[in-house]
Structure formats: C-alpha cells, structure tokens
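Some notes on the structure that comes next.
The values are calculated or read from the model by the stated rules, or taken from the named source; none is laboratory data. Predicted model only: the values in this text are computed from it and were never measured. Reconstructed Cβ throughout: ideal geometry from the backbone, glycine too, with neighbour counts over all protein chains shown. The accessibility values were calculated without ligands, DNA or RNA, using every heavy atom of the protein model including side chains. Shrake-Rupley method; radii C 1.70, N 1.55, O 1.52, S 1.80 Å.
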Amino acid sequence: MNTSREISGVWRLAQAVSVMSALAVVALLVVRPEWGLFITWSVLIPVVPALLLIAPQVWRSLCPIAVVHQLPRAFGRGGRRRLSNRSQWWAPAVAAAGLFVIVPARHPVFNEYGGALALFVVIVLIAALIGGALYAGKSGWCSTYCPVGPVERLYGQAPVLEPQHAHCASCVGCTDPCFDRDGAFAVMSRVGEAVDGSTGDSRRKARLFASPIGAFVAAFPGFVLGYFTVSPDAGIGSIYLHVVLLAAASFALFVGGQFVFRFSARNGIRVAAAAAAGLYYWFTVPAIIAATEATWGMGPAAGWVDALGRGLLLLVVGLWFLDAPRRSRRLLQKEVLSYR
C-alpha cells in the first residue's frame, strides 16, 4: 500500500477557508447571535448528512475541527502517543456518549443562545488542537473521540463519490483499522463482521449489540426521532428521558430484528443510515423554513416548498439506499484486498 502522497494546494486553500469561515460564524454567534444560529442550524449542519452519504471524505477533509486537529502535525509538532487497541475499541462509545449528551442540549441551550454555542465550538477546537499535539495522526480526536465520528461511519458506508481525503500525506498508523484509509472495512471489522475479500460478502454475521459502534448504529435512528419529537419547552430531564427512551426502543428493534430475521450487521447499518437520514430531513426541512421566516421576516411558507424539499432529500436518501449494496460490495472487495 502506498503510504505517502501529495496533498494539493487546492485542498489546503479550501481547508484554510473552512477554518476562517468557522471562526467567522463563531464571531457572528457572539455579535449577531440570531444570524449565527441561523447559519449554523439552518444552513451548515443540514448539508452534512447528505454530504456524508455522498462523499464523506469531502466532509472529513474540510471539517474545520479536523483541520485544526492536524495543525500541530502540519507544523512538525504532532504528537507521538498511540492509543491501545482496547482504547480504540471503546472510543466509539465515548464519542457516541458525547453526541447523546450534546445534541439534546440544543433545545434548551445551543438553539437559543449564540454565546453558549460559540463557547462550545471554541472548547471543541481547543480540545482537537491539544489532541493533535499529544497523539499521533488523527487518533487524538477525529478517528476516535469526535462525537460526530460514529455518524460519519454510519453514513459513510457506501459513498457515491470517493475523493482521496486531504489529510495524512503519509500514514503513521495511528489507528487500525482507519476509516480514512480502509473505509467500510474499518467499520465492518469494528462490529466483528468478517468479509470475504474476493466478493465483499459477509462471511460471519456479527451482532450489532456486541460492539460499541454496532450499538450506536442500532440506537441512532431512534435518537434522531427522539430529538425531533420532544417538545423544546420540556424540562431538561424530560428531554433527555424522551430521547433516551426512543434510542433504546430503536436499539431493541434492530437487535431483535437481527435475532428474528438474521440479517447481517452490514445490512443493519445500511437500513439504520437510511432511516436516520430520512428522519433527519423529514423534520429539518420545515424547521429551516420556519427559521428563515423567523430570522429574516421572509421566506417561503407555502406547503409546496416543504413538500418539494422533503421529497427531493428523501429521494436522495432512497436512491443512496437502493444502490448501496452494489457500491458496498465493490468498496469492501477493494478495501479488504488493499488492506491485506
């Protein structure tokens, strides 16, 4: 395997723009919080799930937090510490726990107070920077403890486009397997699913509940549904209880479905990704329309705009889901053979 390559100047410029844009949004969250909140929750974040389904490496290359995480390495100050195999195995559980704490807090805090969101983003940027200074490669944040990491792996199983990621000009073996290097195989190996390198088909059907990343996959569609169906005016305890209960119900549904129907973890991950993305866009489109009206005093309120937006995005998710088996087999075959 070739472990050294050039990172183009175009990617570097795009990464610089990404970081500067993130800092500009942080400033806007403090100076004009209503604008900053609108840009964050109604413009930037809604793009991410679709981008992760179609071309996850574009997001992983341009994410401003990932770029900041790699700054110490870019200046020759990157860390050399390495996480143990045990720590790498449990890292998705830590990341998922962070996600499950942060997202419900949007309702009472991060959706309402620009300053609080700005402070949170700055803290995450500092944590990522420190992680890059202490640990080798991307193991100090992006490939291990980033709360968005499990979502990236869930949605990024069968990308439509496969550009090379724009980090790690040379591989230092910081995590094994590596999602940036090994793609879907990295996730399949973490859930314990054995894959035939010659065909990309499952040779052993792993149980989703038997691994941290598998448990997250099973719970995530319910988590998304829970976030969007709880009343924002409910108490903080009620919000978390509602979200956790629906996540637990989703986990039970997927795990029970595996026992009854004996589907592979790979198929379960594919269904969970489509279900979570579909639910997200079903609820997000009308929320964007409402936020546009509330923030700018204008915006399309007609029902046909809501229907068109939902329809187009659900069509994208549906087409991704229907073609995912073919792409997944091809990618897994290529990745497993390359990894070996």
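Of the solvent-accessible surface of the stretch 162-277, computed with a 1.4 Å probe over protein heavy atoms with every protein chain present, carbon and sulfur atoms account for 63 percent.
Backbone geometry of the stretch 62-67 corresponds, through the Karplus equation with coefficients 6.51, -1.76 and 1.60 at θ = phi - 60°, to 3J(HN,Hα) couplings of 9, 3, x, 5, 5, 5 Hz, x marking Gly and Pro. The stretch 234-253 to the stretch 158-194: how many Å between their Cα centroids? About 31 Å separates the Cα centre of the stretch 234-253 from the one of the stretch 158-194. Compute the Cα gyration tensor for the stretch 107-165, then decide on rounded, prolate or oblate, letting a ≥ b ≥ c be the square roots of its eigenvalues: rounded whenever a/c is under 1.5, prolate when a/b is larger than b/c in the other cases, and oblate in all that remain. Oblate shape, in that a/c is at least 1.5 and b/c is the bigger or equal ratio. Heavy-atom accessible area for Ser84, with the other protein chains in place and a 1.4 Å probe, reaches approximately 60 Å².
Across the stretch 73-80, coupling constants 3J(HN,Hα) worked out from phi with the 6.51/-1.76/1.60 Karplus curve, θ = phi - 60°, read 5, 4, 9, x, 10, x, x, 10 Hz, and Gly and Pro carry x. Ordered by 1.4 Å accessible area with all protein chains kept, Leu28, Leu99 run largest first as Leu28, Leu99.
For the stretch 21-97, what is the convex hull volume of the alpha-carbon atoms per residue, in Å³? Don't jump to the answer; show the numbers that get you there.
Details: hull volume 11.0 nm³, N = 77.
Given the Cα convex hull of the stretch 21-97, per-residue volume reads 142 Å³.
Projection of the Cα convex hull of the stretch 226-340, averaged over all directions and equal to a quarter of that hull's surface, yields 10.7 nm². Against the criterion of solvent-accessible heavy-atom surface with a 1.4 angstrom probe, Ile7, Ile236 sort, most first, into Ile236, Ile7. The tail of the calculated P(r) for the stretch 13-63, taken as Cα-Cα distances beyond 13 Å, holds 61 percent of the pairs. Applying the criteria of a DSSP loop state and at most 15 other Cβ atoms within 10 Å to the trypsin sites (Lys or Arg not before Pro) of the stretch 209-287 yields Arg262.
The calculated Kirkwood hydrodynamic radius for the stretch 132-267 is 16.7 Å, given to one decimal from all distinct C-alpha pairs. 3J(HN,Hα) along the stretch 123-133, derived from phi through the Karplus expression 6.51 cos²θ - 1.76 cosθ + 1.60 where θ = phi - 60°, amounts to 4, 5, 4, 5, 4, 5, 4, 5, x, x, 7 Hz, with x in place of Gly and Pro. Computed with every protein chain present, the accessible area of Leu225 is close to 60 Å² [probe 1.4 Å]. A 1.4 Å probe run over the chain, with the rest of the protein chains in place, finds 47 Å² accessible per residue.
Reported value for the stretch 79-134: 56 Å³ per residue, from the convex hull of its C-alpha atoms.
So if I take the alpha carbon set of the chain, get Rg, then get Rh from the Kirkwood formula, what is the Rg over Rh ratio?
Values: Rg = 19.8 Å, Rh = 20.8 Å.
Reported Rg/Rh, Kirkwood definition of Rh: 0.95.
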